[in-house]
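Participant: I have a structure here, written as structure tokens, and I will follow up with some questions on it.
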Amino acid sequence: MGAKIISGTEIAAQIRAELKQEVDRMKEQHGVVPGLVTILVGENPASVSYVTGKQKTAHELGFHSIQDSQPADISEADLLALVEKYNKDPKIHGILVQLPIPKHINEKKVLTAIDPDKDVDCFHPVNVGRLVIGGPEARFKPCTPAGIQELIVRSGFDTNGAEVVVVGRSNIVGKPIALIMMQKDKGANSTVTVVHTGSKNMDAHCKRADILIVAAGVPGLVKPEWIKPGACVIDVGVNRVGEKKSEKTGKMVPILKGDVDFDAAKEIAGAITPVPGGVGPMTITMLMRNTVMSAKMSIK
Ligand code: GUN
């Protein structure tokens, strides 16, 4: 029997509809409108496209949203002053500086200049620390890992006591999703193993997984025989493996492949995310959820 395909596109739409209701309620009951600023330095085409997507979604949800574009040669001092301006702005609940930023600016300095209570990316060391501690301290969750957790929970998988194996130890996905899934919390409380480039017997660890989360950035790394029958497989990899002509527009578009051999894996797994259309659509939605949460916290 083939696996259930976990549609990130559908689940993200469902969460956005829930958020829209919450935003409307906050406006009506408290006169508070969630405010999000996205700061873009320079004109990197991928960054322009990401920021445009974030602003479009913020607008659709009825946020107060600002797209603040700055020239690539902005000084570090000026960028820090801009972040400080938004830190002090009571109408802004979420600040996102789109990465990467030009090399003459210290990225760490900029990320730590953001008020942790407005750090909707959850990249500030204070928020990473809160995530490690868990409990009510951990207010924001980083967007991609938060999206992965929602995909697992909303697909009906019981995470309580489940064997979760994470492939990859990046700061953006591997480490935080491991922290999230091991918390004593709903949608978590799992037994977590992290495997990485230094691991021996990666296949043996993967074979134990009730929930297998792969974020390695290596196309087809996880072989179908590594998957436990019935497992939930979340493929975070988005690897460009070539180009093809789009049937819709006739333009050349990238061919994207995940870290898991999808066609073979779907015959073994109980549920699996496609690439594209799996984890990807969840990330922006979780950014919106963090901004709504931040706005809620501002209500006295
Ligand atoms: N660049 C690529 N992805 C992200 C993200 O999630 N947040 C920020 N700030 N920059 C990015």
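The values are calculated or read from the model by the stated rules, or taken from the named source; none is laboratory data. Worth saying up front: this structure is predicted, and the values here are computed from it rather than measured. Cβ atoms come from the backbone with ideal geometry, glycine included; neighbour counts cover every protein chain shown. Accessible surface areas use protein heavy atoms only, side chains included; no ligands, DNA or RNA. Shrake-Rupley method; radii C 1.70, N 1.55, O 1.52, S 1.80 Å.
Participant: SER190 fails exactly one of the following numbered conditions: (1) free of Cβ contacts under 8 Å to residues at least 60 places away in the same chain; (2) in contact with a Lys or Arg (Cβ under 9 Å, 6 or more places away or on another chain); (3) over 23 Å from GLY220 (Cβ atoms). What is the number of that condition?
Facilitator: Tallying (1) free of Cβ contacts under 8 Å to residues at least 60 places away in the same chain; (2) in contact with a Lys or Arg (Cβ under 9 Å, 6 or more places away or on another chain); (3) over 23 Å from GLY220 (Cβ atoms), SER190 fails exactly one: (2).
Participant: State the number of residues belonging to the stretch 229-249 that are open to solvent by 40 Å² or more (accessible area, probe 1.4 Å) and either touching a residue at least 24 places away in the same chain (Cβ under 8 Å) or within 22 Å of GLU150 (Cβ to Cβ) (or both). If you could, list the steps in order and put the result at the bottom.
Facilitator: Filtering the stretch 229-249 for residues open to solvent by 40 Å² or more (accessible area, probe 1.4 Å) gives 229-230, 238, 240-241, 243-245, 247-249.
Applying the additional criterion that residues be either touching a residue at least 24 places away in the same chain (Cβ under 8 Å) or within 22 Å of GLU150 (Cβ to Cβ) (or both) yields 229-230, 238.
Final tally of qualifying residues: 3.
Participant: Looking only at the stretch 144-165, how many residues end up being open to solvent by less than 10 Å² (accessible area, probe 1.4 Å) and within 15 Å of the ligand (Cβ to nearest atom)?
Facilitator: Residues that pass the stated criteria total 4.
Participant: May I ask you to list pairs of residues, at least six apart or on different chains, whose Cβ atoms are under 7 Å apart, with the first in the stretch 75-102 being touching a residue at least 60 places away in the same chain (Cβ under 8 Å) and the second being open to solvent by 30 Å² or more (accessible area, probe 1.4 Å) and aliphatic (A, V, I, L, M)?
Facilitator: These pairs meet every condition: PRO102/ALA72.
Participant: Let me ask something else. Mind checking which residues of the stretch 220-253 are farther than 18 Å from VAL173 by Cα and among the aliphatic types (A, V, I, L, M)?
Facilitator: Once the filter is applied, which keeps residues that are farther than 18 Å from VAL173 by Cα and among the aliphatic types (A, V, I, L, M), the stretch 220-253 yields ILE227, ALA231, VAL241, MET252, VAL253.
Participant: Considering each residue of the stretch 17-35, count those that are surrounded by fewer than 15 Cβ atoms within 10 Å (Cβ to Cβ) and assigned to a helix (DSSP H, G or I), and give that number. Walk me through how you get there before you give the answer.
Facilitator: Just the residues of the stretch 17-35 that are surrounded by fewer than 15 Cβ atoms within 10 Å (Cβ to Cβ), to begin with: 17-18, 21, 24-25, 27-31.
Those left that are additionally assigned to a helix (DSSP H, G or I): 17-18, 21, 24-25, 27-30.
Result for the stretch 17-35: 9.
Participant: For LEU212, indicate whether it is surrounded by 19 or more Cβ atoms within 10 Å (Cβ to Cβ) and in a strand (DSSP E or B).
Facilitator: yes
Participant: Assuming LEU131 fulfils every condition listed in (1) in contact (Cβ under 8 Å) with a residue 60 or more places away in the chain; (2) within 16 Å of the ligand (Cβ to nearest atom) apart from one, which condition is it?
Facilitator: Of (1) in contact (Cβ under 8 Å) with a residue 60 or more places away in the chain; (2) within 16 Å of the ligand (Cβ to nearest atom), only one is false for LEU131: (1).
Participant: Here is a follow-up. Could you tell me whether THR38 is among the β-branched types (Val, Ile, Thr) and in a helix (DSSP H, G or I)? Don't jump to the end; show me each part of the working.
Facilitator: Numbers: among the β-branched types (Val, Ile, Thr): yes; in a helix (DSSP H, G or I): no.
For THR38, the condition - among the β-branched types (Val, Ile, Thr) and in a helix (DSSP H, G or I) - is not met.
Participant: Kindly indicate whether any position in the stretch 215-231 is assigned to a strand (DSSP E or B), at pLDDT 95 or above and touching a helix residue (DSSP H, G or I) at 6+ places or on another chain (Cβ under 7 Å).
Facilitator: Scanning the stretch 215-231 turns up at least one residue that is assigned to a strand (DSSP E or B), at pLDDT 95 or above and touching a helix residue (DSSP H, G or I) at 6+ places or on another chain (Cβ under 7 Å).
Participant: Another question, then. Among the residues of the stretch 257-290, what is the count of those that are open to solvent by 30 Å² or more (accessible area, probe 1.4 Å) and within 16 Å of the ligand (Cβ to nearest atom)?
Facilitator: Of the residues in the stretch 257-290, 6 are open to solvent by 30 Å² or more (accessible area, probe 1.4 Å) and within 16 Å of the ligand (Cβ to nearest atom).
Participant: Quick one: which helices (runs of 4 or more DSSP H) lie wholly within the stretch 79-194 and hold at least 2 residues that are more than 22 Å from THR285 (Cβ to Cβ) and basic (Lys, Arg)? Please lay out each step first, then the result.
Facilitator: On the way: elements: 107-113, 125-133, 143-154, 174-182.
Output list reads 107-113.
Participant: Of the residues THR52, THR57, only one is open to solvent by 40 Å² or more (accessible area, probe 1.4 Å) and modelled with pLDDT of 95 or more; which?
Facilitator: Details: THR57 fails: open to solvent by 40 Å² or more (accessible area, probe 1.4 Å).
Going through THR52, THR57 in turn, just one is open to solvent by 40 Å² or more (accessible area, probe 1.4 Å) and modelled with pLDDT of 95 or more: THR52.
Participant: Is there a residue in the stretch 250-272 that is touching a Leu at 6+ places or on another chain (Cβ under 9 Å), without any contact (Cβ under 8 Å) to a residue 40 or more places away in the chain and either assigned to a loop (DSSP other than H, G, I, E, B) or not acidic (Asp, Glu) (or both)?
Facilitator: Checking the stretch 250-272: not a single residue is touching a Leu at 6+ places or on another chain (Cβ under 9 Å), without any contact (Cβ under 8 Å) to a residue 40 or more places away in the chain and either assigned to a loop (DSSP other than H, G, I, E, B) or not acidic (Asp, Glu) (or both).
Residue-by-condition table, conditions (1) under 18 Å from ALA295 (Cα atoms); (2) modelled with pLDDT under 95; (3) open to solvent by 30 Å² or more (accessible area, probe 1.4 Å):
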{"site": "GLU10", "(1), (2), (3)": "no, no, yes"}
{"site": "ILE15", "(1), (2), (3)": "yes, no, no"}
{"site": "ILE39", "(1), (2), (3)": "no, no, no"}
{"site": "GLU43", "(1), (2), (3)": "no, no, yes"}
{"site": "ILE66", "(1), (2), (3)": "yes, no, yes"}
{"site": "ASP73", "(1), (2), (3)": "no, no, yes"}
{"site": "HIS93", "(1), (2), (3)": "yes, no, no"}
{"site": "HIS104", "(1), (2), (3)": "no, no, yes"}
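Participant: While we're on this one: I'd like to check something: does the stretch 82-89 contain any residue that is more than 17 Å from the chain's Cα centre (by Cα), modelled with pLDDT of 95 or more and on the phi > 0 side of the Ramachandran plot?
Facilitator: Taking the stretch 82-89 as the starting set, the residues that turn out to be more than 17 Å from the chain's Cα centre (by Cα) are 82-89.
Subset that is modelled with pLDDT of 95 or more: 82-89.
From what is left, the residues that are on the phi > 0 side of the Ramachandran plot are none.
The answer is no, given that none of the residues of the stretch 82-89 is more than 17 Å from the chain's Cα centre (by Cα), modelled with pLDDT of 95 or more and on the phi > 0 side of the Ramachandran plot.
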